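Report on the structure given below.
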Amino acid sequence: MKSPNAVRGIAAGVIVLLCGAAFSGINLLRNGDFERFTGDEPDGWTTTNIPKALTVVSPTTKAHSGKYAVKCEVKSFYGSQMAGMITQKNIRVSGTALELKGEYVLNSVGKDAGFITLELQSSEGSTVKICQEYLSPHGGEYAAFQVSGDIPPAAVKAEIRVTLLPAKESERLHEGSYLLLDDLVLSGIVAEGDVLPE
């Protein structure tokens, strides 16, 4: 039988390991691997789909890893070009910096580009800082991307949006453009006592 001091030492070691894990490498996103969908909606994300009228976000089996990735595409809708967009809000953050990384495939028609926004917000929901990244085509294969930035002291939560945008010279999206996303990871420093997303 182990002595009480040995048991306390083991318990303290486990607590240190658990707390250390909360400070590095934890994915703050819900369903960042896009393995869970309810119909065409990726769980944990909102989309620009219009139920029973327009589906511009859907699952795809052309995944970087696992069974599924998410597909955002451009479709015509009553004379306009509508782009798929996924959004995740109220991601609790703290510390000094955040990094969003993942894998993507972009099929671009008319120079349409993928576009990622990482918006840092105050507790009242005011924008404190915005980090953005354009994604360009890479020959139909998955390519890695990364968006990172410092966390201003007033920022306590983040919002991520991913969509397609037209080329600056055309200002019009093109039907047939699509963006596949997989293995999204948002990591940074999580404050002790924060509840991590499942």
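Figure note: Val185, Val70 ranked by solvent-accessible area, largest first, 1.4 Å probe, ligands and nucleic acids not counted: Val185, Val70.
For the full complex of protein chains and a 1.4 angstrom probe, list Val162, Val109 by accessible area with the highest value first.
Val109, Val162
Need the full-extension length gain, Ala53 to Val109, defined as separation in residues times 0.36 nm minus the C-alpha distance. One decimal, nm. Working shown, then result.
Values: separation 56, 0.36 × 56 = 20.16 nm, distance 2.33 nm.
Roughly 17.8 nm would be gained on extension.
What accessible area per residue, rounded to a whole number of Å², is obtained for segment 56-194 using a probe radius of 1.4 Å? Before the final figure, lay out each step's value.
Details: 6510 Å² over 139 residues.
For segment 56-194, the solvent-accessible area averages 47 Å² per residue.
Accessible surface of Glu73, taken over heavy atoms with a 1.4 Å probe and every protein chain present, rounds to 40 Å².
Plainly put, segment 106-173 has a radius of gyration that is 1.08 times its Kirkwood radius, both from alpha-carbon atoms, as the Rg/Rh ratio. Net charge of the neighbourhood of Thr55, taken over other residues with C-beta under 14 Å away and scored Lys/Arg +1, Asp/Glu -1, is -1.
For the residues Asp183, Asp40, Asp150, a 1.4 Å probe over the protein chains yields an accessible-area ranking, largest first, of Asp150, Asp40, Asp183.
Which whole-number percent gives the relative contact order of segment 60-118, counting Cα pairs below 8 Å spaced six or more residues apart?
On the way: 28 pairs, mean separation 9.9, N = 59.
Across segment 60-118, relative contact order equals 17 percent.
Annotation for Glu171 and Thr127: the two label points, set 7 Å from Cα along the Cα-Cβ direction, are 1.9 nm apart.
Rounded if a/c is under 1.5, else prolate if a/b beats b/c, else oblate: with a ≥ b ≥ c from the C-alpha gyration tensor eigenvalues square-rooted, which is segment 47-188? Prolate, since a/c reaches 1.5 and a/b exceeds b/c. For segment 65-198, with all protein chains in place and a probe radius of 1.4 Å, 49% of the accessible heavy-atom surface sits on carbon or sulfur.
For segment 89-198, calculate the relative contact order in percent as a whole number, restricting contacts to Cα pairs under 8 Å that are 6 or more residues apart.
Values: 251 pairs, mean separation 49.2, N = 110.
Dividing the mean separation by the residue count of segment 89-198 yields 45 percent.
Tyr134 contributes about 120 Å² of solvent-accessible surface, heavy atoms of the protein only, 1.4 Å probe.
The values are calculated or read from the model by the stated rules, or taken from the named source; none is laboratory data. In this text the structure is predicted, and so the values were computed from the model without any measurement. Note that each Cβ is placed from the backbone with ideal geometry, even for glycine, and that neighbours are counted across all protein chains shown. Keep in mind that these areas ignore ligands, DNA and RNA; they rest on the heavy atoms of the full protein, side chains included. Shrake-Rupley method; radii C 1.70, N 1.55, O 1.52, S 1.80 Å.
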